[in-house]
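Report on the structure given below.
The values are calculated or read from the model by the stated rules, or taken from the named source; none is laboratory data. These figures come from a predicted structure and were not determined experimentally. Positions of Cβ are backbone-derived with ideal geometry, glycine not excepted, and every protein chain shown enters the neighbour counts.
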Amino acid sequence: MTSTAQPSTPTIAIIGGGPAGLMAAEVLSQAGVRVDLYDGMPSVGRKFLLAGVGGMNITHSEDFPAFLSRYGERAPNIAPLLRAFGADDLCKWIHGLGIDTFVGSSGRVFPTDMKAAPLLRAWLKRLREAGVVIHTRHRWLGWNPDGSLRIAAPEGEKALRPNATLLALGGGSWSRLGSDGAWMLPLEQRGVALAPLQPSNCGFDVQAWSELMVSKFAGVPLKNIAIGLNDDVPRLGECVITATGIEGSLIYALSAPIRDAIDQHGSATIHLDLLPGRPVDKIQQALNKPRGSRSMAKHLHSQLGLDGVKAALLRELTPAECFAAPAHLAQAIKALPLTLVKPRPLDEAISSAGGVKFEALDERLMLKQVPGVFCAGEMLDWEAPTGGYLLTACFASGRAAGLGMLEFLRNSQ
């Protein structure tokens, strides 16, 4: 093992090359601090690039109170980060890289070309010009007994002694892109308070679909529906039937309360409104119309436009006798119960909940148990739905950690 002595010029080790780590590197390098960034993968920003495959949704344009509410019970912890560097600040920063943005019809903000790669290229160019040294295929293994960082490198294990360290290692989803949650054990061994990693923005399994649902409708989107959980106002959107259950944007938006209900009760029942634009009394009136010799399937299609996957779900989840009672069938169309029994595995999730508790950090995002070590990004214990909220908080926390590290360096001199 080689050992790198601590030089007289302060140095920073950033572990993790996602948005949080890169943003901290920018803050520090612009202040004239020497920054070495280490990432276990062959290149940095891999999950960031994947997020941009379907269109790089970088942030959201809604007003601050609504934006902040997306972070649920951790909103009070995220609030100061977003007040210092929120959606507008992030857009200005992107524009400074020469990338224009636009606001979509849903309020989501995208780069004009909808791609993540040009943004990342421009950003890495600026970081390298500022002196940031990026070491790929360098994986953090924890700490040596003397407190130095253990880094597995292609040429062998290294021991590093930076003046301060930022851990920005992502959550526990998409391990093939580097976010595998392996950092939990070294932090636990140092006495850092952690919340278990759980899938977030994920799909869920039902007990079992019928063979027809799997063979004919797995992968088929459910469009123009609403989903409600408990007594909350149903949310409009769309999702997708899978071979084991259901996934998609509307489910992702509800994944935290669905997951919590399953943890608490063993299952969670959501209610699907198959015709959110039509009140129940109008649906019942349509169903009451004589259908003559037509089948119920044709009656549902002609009177309500219900067919395909929606009609199949209605058949799947509604007792047969309900189809002979228009009032009951109308209620089922407006609130079709679907019981979910477990989330899909963590490695399939878009993001993860859990990680380093905010109570383990000071206001600079430094670990109370390990002075000089900071944490940022998705490895912190917070979650948010897709829609730019995840990325915005990662950028904001990286910036906050970078500023915190600067303060730590000043106070250490």
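Within the stretch 131-143, one or more residues are charged (D, E, K, R), more than 19 Å from the chain's Cα centre (by Cα) and either modelled with pLDDT under 95 or at positive phi (or both). Mind checking whether some residue in the stretch 245-253 is more than 15 Å from ARG344 (Cβ to Cβ) and either touching a Pro at 6+ places or on another chain (Cβ under 7 Å) or outside any helix (DSSP H, G or I) (or both)? Yes, the stretch 245-253 has at least one match. Being over 18 Å from ILE227 (Cβ atoms) and polar (S, T, N, Q) is the filter; apply it to the stretch 298-318 and report the residue that is surrounded by the most Cβ atoms within 10 Å (Cβ to Cβ). In this case the residue turns out to be GLN303. Entry remark, the stretch 218-244: residues being modelled with pLDDT of 95 or more and assigned to a loop (DSSP other than H, G, I, E, B) number 6 in total. Which residues, taken from the stretch 386-413, are crowded, with 23+ Cβ neighbours inside 10 Å and not in a helix (DSSP H, G or I)? Matches in the stretch 386-413: GLY388 only. What residue, among those in the stretch 91-111 that are closer than 26 Å to SER255 by Cα and not β-branched (Val, Ile, Thr), is surrounded by the fewest Cβ atoms within 10 Å (Cβ to Cβ)? Selected residue: SER105.
When you look at PRO19, is it modelled with pLDDT of 95 or more and surrounded by fewer than 18 Cβ atoms within 10 Å (Cβ to Cβ), yes or no? Taking the combined requirement at face value, the residue does not satisfy it.
Identification of strands (runs of 3 or more DSSP E) wholly contained in the stretch 79-180 with 1 or more residues that are of a type outside the set (D, E, K, R) and more than 30 Å from GLU238 (Cβ to Cβ) yields 133-136, 139-143, 149-153, 156-160, 164-167. Taking into account only those residues within the stretch 159-187 that are polar (S, T, N, Q) and touching a strand residue (DSSP E or B) at 6+ places or on another chain (Cβ under 9 Å), which is surrounded by the fewest Cβ atoms within 10 Å (Cβ to Cβ)? Out of the qualifying residues, it is ASN163.
I need the full set of residues from the stretch 227-250 which are within 19 Å of LEU317 (Cα to Cα), in contact with a helix residue (DSSP H, G or I) (Cβ under 8 Å, 6 or more places away or on another chain) and surrounded by 16 or more Cβ atoms within 10 Å (Cβ to Cβ), in order please. Of everything in the stretch 227-250, those that are within 19 Å of LEU317 (Cα to Cα), in contact with a helix residue (DSSP H, G or I) (Cβ under 8 Å, 6 or more places away or on another chain) and surrounded by 16 or more Cβ atoms within 10 Å (Cβ to Cβ) turn out to be ILE227, LEU229, CYS239, ILE241. Under 7 Å between Cβ atoms, at least 6 apart or on separate chains: pull out the pairs that start in the stretch 132-158 with a residue that is surrounded by 14 or more Cβ atoms within 10 Å (Cβ to Cβ) and end on any residue that is of a type in the set (Val, Ile, Thr) and part of a loop (DSSP other than H, G, I, E, B). Between residues of the stretch 132-158 that are surrounded by 14 or more Cβ atoms within 10 Å (Cβ to Cβ) and residues that are of a type in the set (Val, Ile, Thr) and part of a loop (DSSP other than H, G, I, E, B), the close pairs are ILE134/VAL44; THR136/VAL44. Given the criteria of a type in the set (Val, Ile, Thr) and closer than 30 Å to PHE102 by Cα, does THR392 qualify? Yes, satisfied.
Counting residues in the stretch 60-75 that are surrounded by 18 or more Cβ atoms within 10 Å (Cβ to Cβ), in contact with a Leu (Cβ under 8 Å, 6 or more places away or on another chain) and under 27 Å from GLY178 (Cα atoms) gives zero. A Cβ distance below 7 Å, combined with a sequence gap of six or more or placement on separate chains, defines the contacts here; from the stretch 73-84, residues that are under 20 Å from GLY354 (Cβ atoms) reach residues that are of a type in the set (Gly, Ala, Ser) in the pairs ALA75/SER69; ILE78/ALA393; LEU81/ALA393; LEU81/ALA396; LEU81/SER397; LEU81/ALA400. Answer yes if at least one residue in the stretch 208-225 is under 25 Å from TYR71 (Cα atoms), surrounded by 17 or more Cβ atoms within 10 Å (Cβ to Cβ) and outside the structural domain of GLY72 (by TED's automatic domain parsing), and no otherwise. Yes, the conditions are met somewhere in the stretch 208-225. Name the residues in the stretch 6-16 that are in a strand (DSSP E or B) and modelled with pLDDT of 95 or more, would you? Those that are in a strand (DSSP E or B) and modelled with pLDDT of 95 or more: ILE12, ALA13, ILE14, ILE15.
Within the stretch 25-58, the set of residues being part of a helix (DSSP H, G or I) and out of contact with any Ser or Thr (no Cβ under 8 Å at 6 or more places or on another chain) comprises ALA25, GLU26, VAL27, LEU28, SER29, GLN30, ARG46, PHE48, LEU49, LEU50, ALA51. Of the strands (runs of 3 or more DSSP E) contained entirely in the stretch 264-370, those carrying at least 1 residues that are in contact with a helix residue (DSSP H, G or I) (Cβ under 8 Å, 6 or more places away or on another chain) and modelled with pLDDT under 95 fall at 351-356.
Summed over the stretch 364-380, the residues that are crowded, with 24+ Cβ neighbours inside 10 Å and not hydrophobic (A, V, I, L, M, F, W, C) give a count of 2.
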